[in-house]
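K.L.:
Structure below; questions to follow.
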Amino acid sequence: MTVLSVNLNKVALIRNSRDTLVPSPLEFAATAIEAGAGGITVHPRPDQRHIRVTDCYDLASSLAVEFNLEGNPFAAGMKSDRDGIATYPGFMALVEATRPAQVTLVPDANAQLTSDHGFDLSQDAERLVPIIASLKAMGCRVSLFMDPEPKSMSAAAEIGADRVELYTESYAVAHAAGDFERVLCQFSEAAVAAHDVGLGINAGHDLNLTNLPDFTIPHLLEVSIGHALITDALRYGFAESVRRYLQALERRVAV
């Protein structure tokens, strides 16, 4: 069964729109787990516009399921200019302090609204090697955010990654247009290529209740879903939305 890891960034974004402690990412993590989620994901940015450093500490110390911390490994520290908001220590320092089960490395710049591309290992491999080695020495499983390019999977394995997270926006766009078979084939080929070199396969970005059942790639271990799930929570309630995503995963027919 593919694990559903619930991304709580948008819960924190709602909280941060007011000077308040609610809604609490920690509370919603507990609700997601009670509803059947097998993991919790957060992607803190240096400006802490949604998930904050303190959220990461709180989640790391309390979760009974896998904690997945996403971010740019080259993101440096950033001093907070708001009272009560802890200074962002830099991504690697945050990982060292929280020791998540999985670290998903994403090549996003500080100003990006959201992640929009995977690593280009022809450019990034050399400087990722010591980063990955350091994370694995901390006891973290390392996943690389990657575009669905089959030829890139061997390079990810060679530099020490344990998994890849396939960036699924192109699939979501094609599915919404009603013509996704060719794109799905590319994802399946990337998944097979990754599996053949010993990598685990995760996936995420713009997966939703409509397109998830058709995302029938092989060897899929985990999906990370946040924006769509929080949107559906406005319709169905948070716990019910988690259950609906688990049901959507069950409807996948593996190829």
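K.L.:
Could you tell me which residue of segment 39-58 is farthest from GLY139 (Cα to Cα), considering only residues that are surrounded by fewer than 22 Cβ atoms within 10 Å (Cβ to Cβ) and without any contact (Cβ under 8 Å) to a residue 40 or more places away in the chain?
P.N.:
Selected residue: ARG49.
K.L.:
To continue, here is another question. Tell me which residues, restricted to segment 168-187, are crowded, with 20+ Cβ neighbours inside 10 Å and in contact with a Pro (Cβ under 7 Å, 6 or more places away or on another chain).
P.N.:
Of everything in segment 168-187, just one residue is crowded, with 20+ Cβ neighbours inside 10 Å and in contact with a Pro (Cβ under 7 Å, 6 or more places away or on another chain), namely PHE187.
K.L.:
Filter segment 194-242 down to residues that are surrounded by fewer than 24 Cβ atoms within 10 Å (Cβ to Cβ) and of a type in the set (Ser, Thr, Tyr) and give me whichever is nearest to ALA35 (Cα to Cα).
P.N.:
Going through the qualifying residues, I end up with SER241.
K.L.:
Next up: In segment 155-180, how many residues are of a type outside the set (Val, Ile, Thr) and touching a helix residue (DSSP H, G or I) at 6+ places or on another chain (Cβ under 7 Å)? Before you say what the answer is, go through the steps one by one.
P.N.:
Taking segment 155-180 as the starting set, the residues that turn out to be of a type outside the set (Val, Ile, Thr) are 155-158, 160-163, 165-167, 169-172, 174-180.
With the extra rule that they be touching a helix residue (DSSP H, G or I) at 6+ places or on another chain (Cβ under 7 Å), the set shrinks to 155-156, 160-161, 166, 170-171, 174-175, 180.
So the count comes out to 10.
K.L.:
Going by the conditions given, is ALA161 in a loop (DSSP other than H, G, I, E, B) and closer than 29 Å to HIS50 by Cβ? So that I can check it myself, show each step before the final result.
P.N.:
On the way: in a loop (DSSP other than H, G, I, E, B): yes; closer than 29 Å to HIS50 by Cβ: yes.
Spelling it out, ALA161 is indeed in a loop (DSSP other than H, G, I, E, B) and closer than 29 Å to HIS50 by Cβ.
K.L.:
State which residue is farthest from the chain's Cα centre (by Cα) when the search covers only segment 132-162 and only residues that are closer than 18 Å to ILE225 by Cα and surrounded by 21 or more Cβ atoms within 10 Å (Cβ to Cβ). First the steps, then the outcome.
P.N.:
Our first condition is that a residue be closer than 18 Å to ILE225 by Cα; within segment 132-162, this holds for 143-148.
Okay, now just the ones that are also surrounded by 21 or more Cβ atoms within 10 Å (Cβ to Cβ), so 143-146, 148.
Details: SER143: 9, LEU144: 10, PHE145: 8, MET146: 12, PRO148: 15 Å.
Among residues in segment 132-162 that are closer than 18 Å to ILE225 by Cα and surrounded by 21 or more Cβ atoms within 10 Å (Cβ to Cβ), the one farthest from the chain's Cα centre (by Cα) is PRO148.
K.L.:
Sort through THR31, THR20 and tell me the only one that's surrounded by fewer than 22 Cβ atoms within 10 Å (Cβ to Cβ), of a type in the set (Val, Ile, Thr) and out of contact with any Phe, Trp or Tyr (no Cβ under 9 Å at 6 or more places or on another chain).
P.N.:
On inspection, the qualifying residue turns out to be THR20.
K.L.:
So, in segment 184-233, how many residues would count as being of a type outside the set (A, V, I, L, M, F, W, C), under 21 Å from ILE51 (Cβ atoms) and either in a helix (DSSP H, G or I) or in contact with a strand residue (DSSP E or B) (Cβ under 6 Å, 6 or more places away or on another chain) (or both)?
P.N.:
So the count comes out to 9.
K.L.:
Let me ask you something else. For segment 133-158, name all the residues that are in a helix (DSSP H, G or I) and farther than 17 Å from ALA193 by Cβ. Steps first, please.
P.N.:
In the first step, residues of segment 133-158 are kept if they are in a helix (DSSP H, G or I); the result is 133-137, 150-158.
Residues satisfying the conditions are ALA133, SER134, LEU135, LYS136, ALA137.
Coordinate-derived values only; no laboratory data. Computed from a predicted model, the values in this text were never measured in an experiment. Cβ atoms come from the backbone with ideal geometry, glycine included; neighbour counts cover every protein chain shown.
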